[in-house]
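The values are calculated or read from the model by the stated rules, or taken from the named source; none is laboratory data. Just so we're clear, the structure is a prediction, and the values are computed from it rather than from any experiment. Here the Cβ is made from the backbone with ideal geometry for all residues, glycine too, and neighbour counts use every protein chain on show.
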Amino acid sequence: MPAAPASSPLPSDNTHEILDFLRRMASMMSGGRNAEVLLDSASLIENLARRAAFAEQRFQDLQEDHAKNLELRDIAELASDRLIEEIAAVKVELAESNRVAGAEIGSLKDEIAERTTQAEKDRAIFAEEALRLKAAAQELQLRLDDATASLEELRASANSVDNSVAVVPVEALQTARHQFAFLAKGFARSGDLVSQTICEVGACAIDKALAGPGADS
């Protein structure tokens with residue numbers, strides 16, 4: 001007969017009574033085949049009872065392990081659900097951050113483009129203004145040259161008539177006076193103080209000439 005496992009639990013009380021009965025019956029016999037059969041049956045029943053009890057204990061252990069596994073699975077599923085929710089929230093947040101960043105980048109690009117366009121316009125306006133001022137300065141220089149030439153002609157005419165008396169047409173002096181005043185204003189707007197001063201001195205000299213010999217007294 002196979003030996004029962006050492007860790008097997010003892011048979012139940014009901015099984016124990018049956019074993020005692022079979023062993024008493026075998027002891028009452030004077031030996032022989034029947035007594036051996038009774039003893040073998042008692043040993044077999046005892047072994048089967050132990051194995052059944054062990055199997056039942058094992059089954060209970062397995063049930064407990066299964067219950068623990070189910071509990072662990074539930075915990076894992078809850079953790080997985082939370083993780084999935086957190087991942088979804090992070091994805092939403094990331095998408096929103098990308099949208100905001102994209103909008104800001106687009107706004108910055110538009111602002112840079114607008115400023116670049118404005119800078120190009122400002123450069124064009126500055127270049128145009130520089131050309132206009134240059135043309136105005138050239139025109140003023142030409143007027144100054146004409147006025148200077150007129151003044152020299154007037155001086156030459158005055159010297160040819162008399163060294164002490166200047167005989168010059170009043171209209172010519174007034175014309176030269178207006179030219180000097182116009183040139184002085186133009187140089188003042190352009191910031192050319194030297195040319196402005198020269199024109200103002202010329203205009204003042206003509207004013208004195210127009211005023212007559214007694215103007216200085």
Those residues that are free of Cβ contacts under 8 Å to residues at least 40 places away in the same chain and of a type in the set (A, V, I, L, M, F, W, C), I need them from the stretch 130-151; list them, please. Ala130, Leu131, Ala135, Leu142, Ala149
Any residue at all in the stretch 81-103 that is more than 34 Å from the chain's Cα centre (by Cα), surrounded by 10 or more Cβ atoms within 10 Å (Cβ to Cβ) and not hydroxyl-bearing (Ser, Thr, Tyr)? no
Which residue pairs have Cβ atoms under 8 Å apart, sit 6 or more places apart or on different chains, and have a first residue in the stretch 101-122 that is polar (S, T, N, Q) and part of a helix (DSSP H, G or I) and a second that is at pLDDT below 90 and surrounded by 10 or more Cβ atoms within 10 Å (Cβ to Cβ)? none
Evaluate the stretch 34-46: report whether one residue or more is in contact with a helix residue (DSSP H, G or I) (Cβ under 8 Å, 6 or more places away or on another chain), in contact (Cβ under 8 Å) with a residue 12 or more places away in the chain and small (Gly, Ala, Ser). yes
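On the given criteria, is Ala135 part of a helix (DSSP H, G or I), within 24 Å of Gly191 (Cα to Cα) and in the same structural domain as Gly191 (by TED's automatic domain parsing)?
Taking the combined requirement at face value, the residue satisfies it.
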